[in-house]
1. Quick check: at a probe of 1.4 Å, how many percent of the accessible area of segment B:372-456 sits on carbon and sulfur atoms?
2. If you take the beta carbon distance between A:ASP21 and B:ALA488 as r and set R0 to 51 Å, what does 1/(1 + (r/R0)^6) give as a FRET efficiency, to the nearest 0.05?
3. If a helix is a whole DSSP H run, which ones in chain B reach 30 Å or further along their own axis (Cα) and hold a mean Kyte-Doolittle hydropathy of at least -1.0?
4. Treat each spin label as a single point 7 Å out from the Cα along the C-beta direction, and report the A:LYS56 to A:GLU127 distance in nm.
5. Residues of segment A:257-275 losing 10 Å² or more of accessible surface, assembly versus chain alone, probe 1.4 Å, please list them.
6. Could you tell me what percent of the DSSP beta bridges with both partners in chain A are antiparallel, to the nearest 5?
7. Would you compute, from DSSP H runs of 4+ residues alone, the mean residue ellipticity of chain A at 222 nm, taking -39500 (n - 2.57) per run and dividing by the full residue count, rounded to the nearest 500?
8. For segment A:252-320 and segment A:1-61, what is the centre-to-centre distance using only Cα atoms, to the nearest Å?
Amino acid sequence: MRYLPLTDGDRTSMLAEIGVDSIDDLYADVPPSVRLDGLIDLPLHQGELEVERAMKQLAAKNLEAGAAPFFVGAGAYRHHIPAAVDHLIQRSEFLTAYTPYQPEISQGTLQCLFEYQTQVALLTGTEVANASMYDGSTACAEAVLMARRVTRRKNVVVSGGLHPHYREVTKTTLRFTEGKLTPCPPAPDGVEDLAGLIDGETACVVVQTPDLFGNIRDLQPLAAAAQAAGALLIAVFTEAMSLGALMPPGEMGADIVVGEGQSFGNGLNFGGPNLGLFATRQLYQRQMPGRLCGETVDADGRRGYVLTLSTREQHIRREKATSNICTNAGLCALAFCIHMALLGEDGLKRIAQLNHKAAIDLAGKLQPVPGVEVLNKTYFNEFTIRVDGRADRIVESMAGQGVLGGVPLSRLCPDREELADLILVAATECTTDLEMDQLAAALGKAVAS
Amino acid sequence: MNRQGRPTAPGLQAQGANESFNTHTGHRGLEHEEPVIFEQGAEGRCGVDLPDPGAFEDCLGGLNRHNEIGLPGLSEPQVIRHFVRLSRKNYAIDLGIYPLGSCTMKHNPRLNEVIARLPGFANVHPLQPVSTVQGALEVIDMVAHWLRALTGMPGIAMSPKAGAHGELCGLMAIRAALEDRGDARQKVLVPESAHGTNPATAALCGYRVEAIPANVRGRVDLGILRERLDETVAAVMVTNPNTCGLFEDEVIEIAEATHAAGAFFYCDGANFNAIVGRVRPGDLGVDAMHINLHKTFSTPHGGGGPGAGPVVFAKELAPYAALPHVNAVDGDYTLIEHQAPAAEESKSFGRLTAFHGQMGMFVRTLTYMLSHGADGLCKVAEDAVLGANYLLARLKDVMPPSFDGPCMHEALFDDRFLIGTDVTTLDFSKALIDEGFHPMTMYFPLVVHGALLIEPTETESRDSLDEFVVALRGLVADAQSGNTARFAGAPYLSPRRRLDETAAARAPVLRWSPPATPEAAE
Ligand SMILES: Cc1ncc(COP(=O)(O)O)c(C=O)c1O
């Protein structure tokens with residue numbers, strides 16, 4: 001077995017050193033009735049060549065995004081990842097390190113986290129960010145829990161434009177706690193009266209921009225309404241790239257900003273792992289969930305970094321911790337940090353413009369297709385179309401034509417018949433004019449048939 | 001000199017030179033001081049080449065970004081150099097034994113990394129039509145099959161993102177099942193030795209937490225557990241093998257007592273590495289257990305994550321598992337993403353994350369499983385246990401173990417051997433850094449004083465274990481002979497000396513800010 005360094009000779013002499021006859025003696029504490037005498041019924045070990053062959057066969061059964069005109073988004077986005085990113089995150093010292101509990105020999109990871117936290121704060125227009133959550137949806141749920149701690153209130157108002165997975169994860173997370181969650185129905189035009197639902201018991205309002213349907217929301221009036229009522233505004237995004245073009249949520253008055261950071265440095269990976277961004281006001285930093293990296297000095301007075309404010313965390317506070325999170329999305333945060341470093345101010349703004357422009361071009365090509373209507377007045381790199389017919393069948397029919405043409409809303413909201421003719425369509429810097437034409441053609445054909 | 005020709009006396013010469021002069025740059029040979037990236041940028045520089053989008057009318061509804069973001073501009077070579085320099089300030093399993101107890105820092109096979117990057121896995125979207133992702137669903141189904149077979153448990157939820165998330169999944173299923181029978185209950189019993197995530201998770205699930213003390217043998221005190229078990233207890237949460245590195249030898253009695261009280265038995269499977277292929281938790285009476293794929297199944301820890309924490313379930317809990325799940329019928333895979341309102345058999349408590357779980361980790365895990373096979377996984381457990389017991393045997397005359405008898409995959413010591421030496425557990429562990437090692441887990445579990453928990457894993461060679469023993473025995477001798485100067489304030493030979501954590505927490509600086517300009521200061 002290529003991963004096991006001990007030889008049979010080593011095993012024999014080590015057992016002798018321990019003073020037992022066989023490995024079974026070391027399992028003496030296992031009740032005899034539950035010791036297995038034979039191997040479990042699974043295949044035996046294989047060499048690299050055989051395993052690689054088997055895994056490649058599985059991979060070949062998937063249609064990968066690069067092999068088809070591709071317009072799928074709704075919370076995970078295809079972007080070009082510069083070659084340097086994957087090279088760097090595969091450095092042994094990053095890839096095979098644990099959480100930086102020993103700062104003296106973890107300054108690499110820690111300084112990267114410090115830079116990452118700074119980038120996230122800058123991008124979201126907030127003061128402080130944590131060192132990552134599992135993904136945007138769990139970051140959203142954690143933000144709600146934090147808002148409850150901060151306000152000491154229980155109720156939560158949720159926009160209908162919040163990604164349904166995020167809404168469901170939040171609902172699940174709150175399921176066994178007190179308080180009421182009031183979700184608005186999804187509104188494809190992005191119009192809803194959230195401010196009207198806030199009252200003296202409201203801990204927070206959760207709103208996404210760009211929203212599920214791609215509409216860009218002005219959070220300023222809502223922030224003012226929430227603040228006036230003593231509630232917090234939680235702003236959510238599922239496409240971090242949008243922050244390169246849009247007024248950041250923190251600047252619009254959001255108290256907590258959370259979202260999915262996969263678009264920077266991280267591939268699609270069939271939806272995991274991803275990267276939860278979490279940022280807020282400095283005032284609330286001691287209520288944040290998750291790890292925080294902070295600057296300090298060492299015994300020689302040199303600048304260095306440590307995990308800090310850990311008295312919020314489970315390993316110290318146990319049942320009183322702000323969250324149960326332990327392992328987070330460290331390497332995904334590093335990938336984000338490297339991609340952001342490569343882009344810089346100019347690159348980030350430009351790539352965001354390229355994404356927006358691609359979506360505008362795409363909308364221009366889809367609008368004339370008979371039986372297709374672009375619904376959005378505002379959008380970043382994703383918008384909603386209404387089609388003549390059932391969206392799920394049309395998307396399936398396009399897949400049959402070799403085009404991955406978007407996400408039918410019914411995939412996310414199967415119980416909403418009124419959304420059954422809507423498709424979310426995303427374009428990024430990766431999308432070519434030719435692919436847009438192929439989508440228009442496939443869509444036209446699918447709608448007509 | 002030792003037998004590899006390395007000097008073993010502390011490099012006095014080198015140390016002397018180190019202290020004797022300052023360099024002009026602040027760098028010290030190959031050890032570079034590296035400023036934060038925000039201190040290196042220049043306007044107009046960029047590490048990617050992107051086409052000019054040209055002028056166009058936007059559709060942002062007037063909500064454009066107006067202010068500068070504040071990101072530095074760097075070229076690719078600068079970015080590479082920055083992160084490579086930083087990487088060299090990290091310890092890593094690829095550099096040496098990483099004996100963090102409870103963390104299972106084993107070798108991360110590189111084949112797994114290659115396979116995870118195949119475009120057919122890495123470049124597939126979670127919401128593509130299911131007909132175009134049959135291979136991805138098959139991977140999830142195969143990993144699920146292996147995990148069910150290895151644990152002897154019929155149900156599974158694949159979506160949890162890490163161990164703690166798996167705990168939440170398990171406890172939520174338990175609570176949903178209890179509520180379904182009209183019996184929500186109020187509390188969860190957790191041994192004192194448990195990892196912090198266990199009580200934190202129970203609280204998140206709306207339960208009160210009650211600690212169960214350990215007995216003198218480092219196991220759950222069965223007598224006390226029996227006393228505390230009543231109709232208010234929803235679940236007992238036990239780690240097995242436990243965080244003292246011991247198999248809970250009364251686990252069957254624990255399960256029986258738990259079930260007799262109408263409660264469920266949750267097992268924290270973080271330490272599954274010790275028993276994989278040799279013992280099936282399902283045979284012990286476990287009702288739900290998470291498995292940290294980033295521990296037992298070798299997916300890299302990545303400096304803190306990502307991980308994955310699938311949960312296996314006994315039959316009674318299986319219908320309550322988190323959504324989504326994969327169904328396989330004659331090689332045709334479907335994905336159940338929503339609760340079918342009428343479906344009696346599914347009573348899922350809901351969704352725990354967007355999409356379908358940590359696919360990137362599943363691919364690595366399956367690659368690891370196929371590489372090892374049933375026979376190799378059994379050897380993994382055996383060699384892990386052998387390595388830990390070997391360390392125990394080689395150390396016990398100078399570092400008395402906290403509990404008698406063989407250990408499982410990790411060995412627990414306490415600070416008795418340091419009594420009267422002026423050296424604390426912390427100092428002792430930090431001195432290991434100067435010897436070229438990552439310290440063991442310290443001050444955990446909480447059931448012994450000044451805990452030192454050592455988990456070597458099966459991927460350490462005997463030479464590596466022996467070298468670690470030499471270091472530990474040498475340090476014990478130093479501490480006990482009054483040669484304690486090297487402990488106070490250790491480490492001395494690392495990229496940074498001990499860091500001021502108190503100052504960091506008192507006035508937290510969580511982000512970089514530009515230095516105040518002279519004008520601003522006026
Ligand atoms: C015993 C034990 N339980 C639970 C956890 C939490 O797992 P994770 O970090 O994957 O959330 C850990 C690991 O850190 C552990 O060692």
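1. On the way: 1220 of 2320 Å².
Reported share for carbon and sulfur atoms: 53 percent.
2. Details: r = 45 Å, r/R0 = 0.87.
Efficiency at R0 = 51 Å is approximately 0.70.
3. Numbers: long enough: B:359-395 (41 Å, 0.61).
Span-like helices, by this rule, are B:359-395.
4. 5.5
5. Correct list: A:LEU268, A:ASN269, A:PHE270, A:GLY271, A:GLY272, A:PRO273, A:ASN274.
6. Values: 23 of 40 bridges.
Counting only bridges with both partners in chain A, antiparallel ones make up about 60 percent.
7. On the way: 14 runs with 164 residues, N = 449.
Calculated from helices alone, the mean residue ellipticity at 222 nm is -11500 deg cm²/dmol.
8. So the two Cα centres are separated by 38 Å.
The values are calculated or read from the model by the stated rules, or taken from the named source; none is laboratory data. Because the structure is a prediction, the values reported are computed rather than measured. With ideal geometry, Cβ positions are generated from the backbone for all residues, glycine too; neighbour counts draw on all protein chains shown. Protein only, heavy atoms only, side chains kept; ligands, DNA and RNA dropped before computing areas. Shrake-Rupley method; radii C 1.70, N 1.55, O 1.52, S 1.80 Å.
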